[in-house]
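Chemist: Here it is, the structure in full.
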Amino acid sequence: YAAGINVIDWSDPSNPAEIGHFFGSGDDYANYWSAYWHNGRIYGNDRTRGFDVFRPKGLQLNQ
């Protein structure tokens, strides 16, 4: 925990690559329990902040 959200491209399983992340800072510190990709959005539940929905921009991903 306490590492935010990392977005990993697994299209080549032998060479996964981080393509995005969110860590927060200060009072907006991220402490995510889990995060899931669904229909172009990332849903994360944070242990202190609650539930967040991210809509990544600029990512060319197959859904």
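Chemist: So, counting K/R as plus one and D/E as minus one, what does the shell of residues with Cβ under 15 Å around HIS38 add up to?
Modeler: Working: positive: ARG41, ARG55; negative: ASP52.
Local charge sum for HIS38: +1.
Chemist: In whole Hz, what ³J(HN,Hα) sequence does region 20-25 give by Karplus (6.51, -1.76, 1.60; θ = phi - 60°), x for Gly and Pro?
Modeler: Ordered by residue, 3J(HN,Hα) equals x, 6, 9, 10, x, 6 Hz.
Chemist: Here is a follow-up. Among ASP52, ASP46, rank each residue by its count of other Cβ atoms within 10 Å, from fewest to most, as a rough exposure measure. Walk me through the intermediate numbers first.
Modeler: Working: ASP52 16, ASP46 19.
By the 10 Å Cβ count, ascending: ASP52, ASP46.
Chemist: Next question, about the same structure. For region 5-54, count the residues as N, evaluate 2.2 N^0.38 Å, and divide the Cα radius of gyration by that value, please.
Modeler: Numbers: Rg = 12.0 Å, N = 50, 2.2 N^0.38 = 9.7 Å.
Ratio of Rg to 2.2 N^0.38 Å for region 5-54: 1.24.
No value in this document is a laboratory result; all are computed from the given coordinates. Because the structure is a prediction, the values reported are computed rather than measured. Neighbour counts run over all protein chains shown; Cβ positions are idealised from the backbone, glycine included.
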